[in-house]
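Asks: My structure is below; once you've seen it, I'll send some questions.
Read-outs: derived from the displayed coordinates by stated rules, not from any lab. For clarity, every value in this text was computed on a predicted model and none was experimentally measured. As a convention, Cβ positions derive from the backbone with ideal geometry for all residues, glycine included, and neighbour counts pool all protein chains shown.
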């Protein structure tokens, strides 16, 4: 299993260099929340400006690759539009993760960090999100770093310990 957890904290992100930061974003998450909000803040509102200028919408199926610049310790950022948050379910979560994995794989990205879809909005629990990942052999084999808040980190750590 190649899963690891990194706090949802810019200072901690600065300590670890990563290849790609994956940002799943709902169309109705304004202002941006969680990892996307932190990235927007660190990039001085760059993501918000893309939204305001209609160069990004977070409509379902939208993908965009951005350079991370010098302010983030990632080589690149991948934006994934998830559409409306209303009615978000475990089935959509599974589909979104499969789609994200497909795009990330086609892009040649081998190591990536992600705040799981729906976590910033509290639409899916941290423990349940990881349980779903553990059910998928393709996802489990990926070197994925999960970005998570402190309470979610605790739940994930307990689950991963029980898996060993």
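Asks: Sort 55, 119 by Cβ crowding within 10 Å, fewest neighbours at the top.
Replies: Ranking 55, 119 by Cβ neighbours within 10 Å, fewest first, gives 55, 119.
Asks: Between rounded, prolate and oblate, where does the stretch 51-148 land on the alpha carbon gyration tensor, with a ≥ b ≥ c its root eigenvalues, rounded for a/c under 1.5, else prolate if a/b exceeds b/c?
Replies: Verdict is oblate for the stretch 51-148.
Asks: Still on this structure, I have one more. Suppose we keep just the DSSP beta bridges with both residues in the chain; what percent of those would be antiparallel, to 5?
Replies: So the antiparallel bridges in the chain amount to around 25 percent.
Asks: Let me ask something else. Taking neighbour Cβ counts within 10 Å as the exposure measure, how do 44, 20 sort from fewest upward?
Replies: Working: 44 11, 20 21.
Lowest count first: 44, 20.
Asks: Considering the convex hull of the alpha carbon atoms of the stretch 99-164, report its projected area averaged over all viewing directions, in nm², one decimal. Mind dumping the intermediate values first?
Replies: Working: hull surface 18.0 nm².
Taking a quarter of the hull surface, the average projection is 4.5 nm².
Asks: Tell me the Kirkwood radius of the chain: reciprocal of the mean inverse pair distance over distinct alpha-carbon atoms, in Å.
Replies: On the way: mean 1/r = 0.0634 Å⁻¹.
Taking the inverse mean of 1/r over all distinct Cα pairs, the chain comes out at 15.8 Å.
Asks: Continuing with the same structure: In whole Å, what is the distance between the alpha-carbon centres of the stretch 64-138 and the stretch 9-62?
Replies: 12
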